[in-house]
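Report on the structure given below.
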């Protein structure tokens with residue numbers, strides 16, 4: 001079991017725990033009803049799936065999925081992740097903050113702290129991330145964290161003329 005925690009002025013970034021079920025349920029349901037949900041991983045929102053999602057987040061790989069806990073309340077308000085990639089010294093950055101806690105700088109604070117930890121403790125040398133072009137808050141956050149856009153993705157159409165995919169980009173931050 002992982003015991004390491006990262007602390008910032010306002011947040012604790014830590015492994016998920018059994019007691020996080022109510023908070024993860026609220027977070028996933030909020031995330032899946034948000035404006036940018038169609039552009040992200042699709043998580044089920046039914047009651048039976050919530051313990052399974054929490055168990056997945058509690059996996060054994062350090063720093064793959066971390067709870068973002070607000071120190072003032074002790075409640076989980078989001079997650080950050082630093083998933084492994086094919087490149088040994090590169091990790092994939094992911095994040096979400098519950099909508100009622102956005103616009104307070106928590107995503108930047110949590111991502112910045114996790115990236116610094118991965119650099120110093122795990123030897124990570126770069127991060128990659130992806131987002132839809134229409135997700136202005138996410139694009140802005142990536143630039144603020146020091147990412148640059150390295151690849152663009154344009155939607156295509158299927159044989160019936162229906163749009164497949166969405167405009168987006170791949171971003172990279174060298175540490």
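When residues in region 68-99 are screened for being over 13 Å from the mean Cα position of the chain (by Cα), within 17 Å of residue 11 (Cα to Cα) and not in a strand (DSSP E or B), 5 of them pass. Among residues of region 13-26 that are closer than 19 Å to residue 111 by Cβ, those with a Cβ under 6 angstrom from a residue that is part of a loop (DSSP other than H, G, I, E, B), sequence gap 6+ or separate chain, pair up as 14/5; 15/2; 16/58.
Of the residues making up region 129-142, not a single one is in a helix (DSSP H, G or I), over 16 Å from the mean Cα position of the chain (by Cα), modelled with pLDDT of 95 or more and exposed (fewer than 14 other Cβ atoms within 10 Å of the Cβ).
Restricting 44, 62 to those that are assigned to a loop (DSSP other than H, G, I, E, B), surrounded by 12 or more Cβ atoms within 10 Å (Cβ to Cβ) and at pLDDT 90 or above reduces the list to 44. Run down 6, 28 and say which single residue is under 21 Å from residue 129 (Cβ atoms), surrounded by 15 or more Cβ atoms within 10 Å (Cβ to Cβ) and under 15 Å from the mean Cα position of the chain (by Cα). Exactly one of 6, 28 is under 21 Å from residue 129 (Cβ atoms), surrounded by 15 or more Cβ atoms within 10 Å (Cβ to Cβ) and under 15 Å from the mean Cα position of the chain (by Cα), namely 28.
The values are calculated or read from the model by the stated rules, or taken from the named source; none is laboratory data. Note that the structure is a prediction, hence the values are computed from the model and not measured. Note that each Cβ is placed from the backbone with ideal geometry, even for glycine, and that neighbours are counted across all protein chains shown.
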